[in-house]
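Everything below concerns the one structure shown next.
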Amino acid sequence: MTRLAILGSGNGTNAQQITEYFAGRKDVEVACIIYNVKDAYIAQRAKNLGVEARYFGRKDFYESTAVLDYLREKQADWVILAGFLWLVPQSMLEAYPDRIINIHPALLPNYGGKGMYGHHVHEAVVANHEKESGITIHIVDQHYDRGTTLFQARCTVDPDETPDSLAAKIHLLEKEYFPRVIDETIKSRR
């Protein structure tokens with residue numbers, strides 16, 4: 001059984017989609033959800049899904065082994081970032097080499113880096129009159145949004161596109177592809 005730990009900072013829609021995708025499987029399961037914003041709705045989603053969720057603050061990630069200890073306790077084999085907004089600490093990169101996956105709401109390398117997440121990305125794409133956007137699913141390294149690309153999916157950016165309408169298109173791509181690419185990546189590395 002391959003066990004996933006999902007890390008998030010916000011609403012948790014991707015965490016829910018991933019959990020539901022793997023529900024009932026005998027080869028992969030979501031072992032836990034970790035969140036770093038105390039009142040993030042992802043905690044309620046985890047409860048609704050019957051998945052253990054635990055909050056960890058900045059000190060837990062960067063100044064102690066608390067998060068890694070918890071990942072070991074939960075026997076996590078892979079770490080999935082689903083709206084997790086902090087840079088992954090070096091200790092976690094070393095504990096999970098090439099086994100941390102992230103999704104970004106743009107076609108990297110464009111519109112990546114610190115501060116480029118969620119609506120900020122969609123606003124920048126629309127403001128620059130891009131003709132297309134999409135998602136990038138990638139392996140995490142020591143830099144924001146610069147790890148090896150596993151998959152990209154594209155969508156058109158219409159002339160009258162708004163950040164909100166673009167966000168809706170991106171959410172559909174995330175829902176369709178993120179769990180499947182995680183699954184394919186795990187299978188290819190067994």
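What follows is calculated from the coordinates using simple rules that are stated; it is not laboratory data. Quick caveat: nothing in here was measured; it's all calculated off a predicted structure. In this analysis, Cβ positions are derived from the backbone assuming ideal geometry, glycine residues included, and neighbour counts consider all displayed protein chains.
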Taking the dipole about the Cα centre of the chain, with the C-beta of Lys and Arg at +1 and of Asp and Glu at -1, give me whichever of Trp86, Tyr55, His171 is farthest to the positive side.
Tyr55
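By per-residue mean of other Cβ atoms within 10 Å, what is the highest-first order of 76-83, 171-178, 59-66? If you can, show how the numbers build up before the last one.
On the way: 76-83: 22.5, 171-178: 17.0, 59-66: 13.8.
Put in order of decreasing packing, that is 76-83, 171-178, 59-66.
Taking the Cα centre of segment 1-97 as the origin, how large is its charge dipole in debye, to the nearest 20, when only Lys and Arg (+1) and Asp and Glu (-1) carry charge on their Cβ atoms?
On the way: 11 positive and 11 negative charges, 41 e Å.
So the dipole magnitude of segment 1-97 works out to roughly 200 debye.
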Pairs of lysines 8 or more apart, or on different chains, with alpha carbons under 18 Å: count those in segment 1-97, would you?
4
Quick one: 3J(HN,Hα) in Hz for segment 74-83, Karplus 6.51/-1.76/1.60 with θ = phi - 60°, rounded, Gly and Pro as x.
7, 6, 6, 9, 9, 10, 10, 8, 10, x
Amide H neighbours of Gly147 at under 5 Å, excluding residues fewer than 5 places away on the same chain, with H built from the backbone geometry, are Asp141
Built amide H within the under 5 Å cut-off of Leu7, gap 5+
Ile34, Ile80, Leu81, Ala82
Mean shadow area of the chain over all directions, Cα convex hull, nm²
10.0 nm²
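With +1 on the Cβ of every Lys and Arg and -1 on the Cβ of every Asp and Glu, and nothing else charged, how large is the dipole of the chain about its Cα centre, in debye rounded to the nearest 20? Show your work: numbers first, answer last.
Values: 22 positive and 25 negative charges, 116 e Å.
Dipole about the Cα centre, nearest 20: 560 debye.
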How far is helix 118-127 tilted, in degrees, relative to the longest principal axis of the Cα atoms in the chain, given as a value from 0 to 90 rounded to the nearest 10?
20 degrees
Going Cα to Cα from Lys175, which aspartates and glutamates come in below 12 Å? Please leave out same-chain ones fewer than 8 positions away.
Glu20
Cut-off under 13 Å on the C-alpha distance; same-chain residues fewer than 8 positions from Lys131 excluded. Which aspartates and glutamates are left, in chain and number order?
Asp158, Asp160, Glu161
